[in-house]
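The values are calculated or read from the model by the stated rules, or taken from the named source; none is laboratory data. Fair warning: this is a prediction, and the values are worked out from it, not measured in the lab. All Cβ positions, glycine included, derive from the backbone under ideal geometry; neighbour counts span all protein chains shown.
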Amino acid sequence: MKKIAALRYYKDLKIWCTITVGVIVLLSCSAERERAVITITNKEIHLDAEGAQSQKIQIISNTEWEIKSNEDNWLYINKEANKGDTATVFITASPNTGLQRSSRISIINEELPEQVITITQDGIRIVPDFEYVDEIDRYRLINKSYSIPSSKELVENWEIVDRKSMIQNDLYTYFMLPATDSRPDSIEVKLTMSSPDCEASTVKHLPLPPLTWYRVYKIGKQVDTNQSNNKNYNWYIDQTNTGTYSNMNCGPTCATMALMWVNKDFNHSAEEARNTYLLNGGAWSTRTIMDYLNKYGANYHVMNFNEWKVNDLIAEINAGNIAILCLDIYYVRTQTKGEQWKLDKFYTTTNKSSGHFILVKGYYVINNTVFFEIYDPWSKGKTYANGLYMGCDRVYRREDIVNATNVWWKYAIIVHPQSQDTRSLYNNRPELQNVPVQFGW
């Protein structure tokens with residue numbers, strides 16, 4: 001019998017038959033339709049704000065499908081070629097410098113329900129931070145803030161929360177160290193960084209150093225070396241209160257202060273000193289000062305003093321001595337930061353050739369610069385907030401003292417403590433008869 005085989009394919013029905021002449025034998029028949037399947041491995045995608053990494057999803061299917069998106073311009077969808085029944089889709093976002101954002105994409109097939117993939121991208125993360133640099137009289141503020149992702153649209157805003165100072169911007173951002181009587185130990189600084197859509201702030205409590213004259217004048221942060229031959233009792237005198245000729249009594253006043261320093265029981269006033277010599281007025285001379293020291297048995301000697309002898313004067317102070325100088329006070333500058341700071345004169349001298357006596361009792365070295373601690377008798381009755389006279393513990397600059405003595409009297413009267421003899425630290429002490437006389441008032 002001749003056998004005829006035929007294969008036919010129908011879209012919805014597959015039938016394999018073997019046809020024999022006169023006989024049809026059904027070998028296999030499948031009337032069951034194959035179902036369409038689409039499986040998505042991840043339907044929730046999270047992307048960081050930087051957009052640095054792609055996230056992938058895999059779609060396993062036995063039928064055709066397509067991707068439908070919201071067409072957001074920040075979202076990128078890339079489908080790789082299928083590998084068998086599996087397709088890989090990469091999802092990437094551009095950097096987000098705004099708030100958190102989201103989108104949806106759908107997997108579409110004519111025969112199956114729509115499947116939705118939700119995509120969320122983080123918003124910008126602003127990290128505010130700053131450092132400060134101690135620049136002696138001010139704190140310089142350095143912005144260390146950043147954002148993820150990096151944004152050029154960030155705007156900074158500084159604030160002193162407790163209003164103890166004020167933010168200033170010149171070539172850089174800074175604030176001056178506060179100089180109020182109720183000055184705190186710290187100051188509260190706030191930095192706010194903002195983008196068009198969000199902002200973040202940080203607050204720091206910055207410790208404040210003690211505010212000193214050398215910080216106010218931007219000389220240094222600390223004293224490197226100092227010596228003060230002070231006493232534990234009051235021995236300063238304001239010449240303003242020394243009688244009829246008080247306006248020219250700097251000499252009698254300095255001599256009296258020196259004797260009070262030598263002997264705490266010395267009880268003669270500067271007015272008495274005036275009445276001892278030139279009782280009818282007139283300027284005391286350097287010789288008059290020495291005569292009055294001799295009268296009460298003070299030990300002293302005279303040394304040369306000029307710009308090359310500054311270290312000699314420092315050595316005398318280190319040895320426990322004090323010095324009386326006669327100088328042209330015009331060459332000692334006047335303060336520029338407020339008379340409450342003891343650096344420089346608190347008063348103004350308008351004329352050159354203004355001879356004046358002052359007493360040197362100590363020194364400071366700050367950033368390799370020398371400053372002398374002074375008793376200036378010309379306080380004019382003015383006091384600091386603590387009640388001390390403004391001529392008390394004044395600080396005058398090395399170069400000013402040198403200039404002022406160089407044009408007036410290039411010597412110093414070195415006064416010794418009561419228990420110390422007058423042996424000089426140096427062998428080239430001038431003979432008194434060769435020392436010229438100068439005047440102060």
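Can you tell which of 353, 419 is part of a loop (DSSP other than H, G, I, E, B) and either out of contact with any strand residue (DSSP E or B) (no Cβ under 9 Å at 6 or more places or on another chain) or within 18 Å of residue 314 (Cα to Cα) (or both)?
Just a single option satisfies the conditions, and that option is 419.
Sort through 267, 321 and tell me the only one that's assigned by TED's automatic domain parsing to the domain that holds residue 416 and surrounded by fewer than 17 Cβ atoms within 10 Å (Cβ to Cβ).
After applying the criteria, what remains is 267.
What tally of residues in region 372-386 results from selecting those that are within 15 Å of residue 316 (Cα to Cα) and in contact with a helix residue (DSSP H, G or I) (Cβ under 8 Å, 6 or more places away or on another chain)?
1
Kindly establish whether residue 400 is touching a Cys at 6+ places or on another chain (Cβ under 9 Å), modelled with pLDDT of 95 or more and closer than 26 Å to residue 136 by Cβ.
Spelling it out, it is not the case that residue 400 is touching a Cys at 6+ places or on another chain (Cβ under 9 Å), modelled with pLDDT of 95 or more and closer than 26 Å to residue 136 by Cβ.
Can you confirm whether residue 244 is touching a Gly at 6+ places or on another chain (Cβ under 8 Å) and not aliphatic (A, V, I, L, M)?
When the stated conditions are applied, residue 244 passes them.
Out of curiosity, is residue 146 closer than 21 Å to residue 222 by Cβ and modelled with pLDDT of 95 or more?
no
Looking only at region 128-136, decide whether some residue is within 29 Å of residue 46 (Cα to Cα), part of a loop (DSSP other than H, G, I, E, B), in contact with a Lys or Arg (Cβ under 8 Å, 6 or more places away or on another chain) and in contact (Cβ under 8 Å) with a residue 40 or more places away in the chain.
yes
Checking residue 337 against (1) assigned to a loop (DSSP other than H, G, I, E, B); (2) crowded, with 23+ Cβ neighbours inside 10 Å, which single condition isn't satisfied?
The single condition residue 337 does not satisfy is (2).
Filtering region 98-122 down to residues that are under 46 Å from the mean Cα position of the chain (by Cα) and surrounded by fewer than 18 Cβ atoms within 10 Å (Cβ to Cβ), which residue is nearest to residue 68 (Cα to Cα)?
The selected residue is 102.
Taking residue 119 as the residue in question, decide whether it is more than 30 Å from residue 206 (Cα to Cα), modelled with pLDDT of 95 or more and assigned to a strand (DSSP E or B).
Yes: the conditions hold for residue 119.
Name the residue, out of 231, 218, that is in a loop (DSSP other than H, G, I, E, B) and at positive phi.
218
Suppose we filter 226, 234 for residues that are out of contact with any Ser or Thr (no Cβ under 6 Å at 6 or more places or on another chain), surrounded by fewer than 16 Cβ atoms within 10 Å (Cβ to Cβ) and touching a residue at least 24 places away in the same chain (Cβ under 8 Å); which single one remains?
On inspection, the qualifying residue turns out to be 226.
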